[in-house]
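In what follows, a single structure is set out as structure tokens and then discussed.
The values are calculated or read from the model by the stated rules, or taken from the named source; none is laboratory data. Just so you know, these numbers come straight off a predicted model, no measurement behind them. With ideal geometry, Cβ positions are generated from the backbone for all residues, glycine too; neighbour counts draw on all protein chains shown. Heads up: the accessible areas ignore ligands, DNA and RNA and are worked out on the full protein's heavy atoms, side chains in. Shrake-Rupley method; radii C 1.70, N 1.55, O 1.52, S 1.80 Å.
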Amino acid sequence: MIDGLQYAKWSEKIFRQMRTGRVDAVHVTITYHETFRETVQVIEQWNRWFERFPNLIFHGRTAADVQIARDTERTAIFFGSQNPSCIEDDIGLVEVLHTLGLRFMQLTYNNQSLLASGCYETVDSGLTRMGRAVVAEMNRVGLVVDMSHSGERSTFDAIEHSTRPIAITHANLHSWYPVLRNKSDALLRALGESGGFLGLSIYPHHLRNGSACTLQDWCDMVARAMDLVGPEQVGIGTDLCQDQPDSIVEWMRTGRWTKAIDYGEGHADAAGFPAMPHWFNDNCDFENLRAGLKAAGLEQTVIDGVMGGNWLRFFAISFGTAQTDQTKECRVVALST
């Protein structure tokens, strides 16, 4: 069981819920608008959690660590950034952060960045000169290009320019629910043709009918996503923000770039985090998703892929350097499926 994106208020309670839910690996956001030094401070905090709870969690760096997590009944934590602020304007920090354990980095978070355009910009100018250079460096070291919050043209550019498959770790289908964060069918077909990966979100602002979205409706959307992207290139990216105060969603949306309040996908009357749908509140609820996918008529092997096997294959081809022989990683995948 692998979740392609969470940003919870981390605690022993949540780490224990991961074990109750038998979650083998989670891609966790460690930084949004933070600078490099601030990101290092977050990594320091995670190092303390790894020291305090070694029987529950450990720092994941390779696909092989997912198998270790399964064997030792722990959860492997894979670091990611939802914005390139952590590399500031220094391409050399891509390799530094990868060395420190970063495995995913979004090129934008809703706005224009030094690398690309976000999905909230009126004009999407595509990858910038620095963006193309950074993508090439991310490809070299084994840092996944994540375009979850990016605009359409920028994402098409990333697919074309990247020599490795990219990911959209947490988003849904625009044709299912037309909000700016969800992705067009044409884009998802291109993602699939390039070998890229889609993690499907349970964050209510990405769901048809929001918090009232039914499990059946979400599972039917999963099946449609597999038709567009490919049955082995779709997984889960819940975007779970469990126990976070509303001040955090304000930080996510506003950062340091504006003095005004940005409501993002919300509005003034509902500025905070939306309530999760009743069928998914925390890491104990992943079996609800498995049951829903079965009720939707998916075959067991397909369900196993969506629940984690597909992410594991993507990890195996993504995290090593461009020169690394992937044979060992692929052997791990074969043993795990």
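Principal semi-axes of the equivalent ellipsoid, √(5λ) from the alpha carbon gyration tensor of region 1-76, are 21, 13, 12 Å from largest down. For region 169-267, chymotrypsin sites (Phe, Trp or Tyr not before Pro) are listed when DSSP marks them as loop and at most 14 other Cβ atoms sit within 10 Å of their Cβ; the list is W257. Taking label positions 7 Å along the Cα-Cβ direction at both D71 and E38, the computed distance is 4.0 nm, reported to one decimal. An oblate overall shape is assigned to region 192-256, the ratio a/c of its alpha-carbon gyration tensor axes (a ≥ b ≥ c) being 1.5 or greater and a/b not exceeding b/c.
Label zone of D243 (point 7 Å out along Cα→Cβ, amide N under 19 Å): in region 33-62 this covers 42-59. The calculated 222 nm mean residue ellipticity attributable to helices in the chain amounts to -11500 deg cm²/dmol, summing -39500 (n - 2.57) over DSSP H runs of n ≥ 4 and dividing by all residues. Placing +1 on the Cβ of every Lys and Arg and -1 on the Cβ of every Asp and Glu, with no other charges, gives region 40-125 a dipole of roughly 420 debye about its Cα centre. Placing R0 at 45 angstrom, the Cβ-Cβ distance between A322 and A212 gives a FRET efficiency of 0.50 after rounding to 0.05.
Taking the 1.4 Å solvent-accessible surface of the chain as the whole, the part contributed by carbon and sulfur is 50%. Of all DSSP-defined beta bridges confined to the chain, some 5% are antiparallel rather than parallel.
Which residues make up the longest stretch of the chain clear of GluC sites (Glu not before Pro) that lie in a DSSP loop with no more than 11 other Cβ atoms within 10 Å, not counting the sites? So the longest stretch without any such site is 74-298. Loop sites here are trypsin sites (Lys or Arg not before Pro) outside DSSP states H, G, I, E and B with no more than 10 other Cβ atoms within 10 Å. The longest part of the chain free of them is 1-255. Projecting label points 7 angstrom from Cα along Cα→Cβ for Y263 and T122 puts them 2.0 nm apart. What is the distance in Å between the Cα centroid of region 254-283 and that of region 3-57? Using only Cα atoms, the two centres lie 21 Å from each other. Rounded to 0.05, the FRET efficiency of the H59 and S175 pair, given R0 = 51 Å and the Cβ-Cβ distance, is 0.85. Classification of the chain by its C-alpha gyration tensor yields a rounded form. The axis ratio a/c (a ≥ b ≥ c) stays under 1.5.
Work the Kirkwood hydrodynamic radius out for region 43-189: mean of 1/r over every pair of different alpha-carbon atoms, inverted, in Å. Taking the inverse mean of 1/r over all distinct Cα pairs, region 43-189 comes out at 16.2 Å. You can think of it this way: the chain between A223 and N288 has 21.8 nm of extra reach, that is 0.36 nm per residue less the Cα-Cα gap. Accessible area per residue for region 1-152 is 37 Å², calculated with a 1.4 Å probe on protein heavy atoms, without ligands, DNA or RNA.
With the simple spin-label model, which puts each label point 7 Å out from Cα in the Cβ direction, the E51 to T301 separation comes to 4.7 nm.
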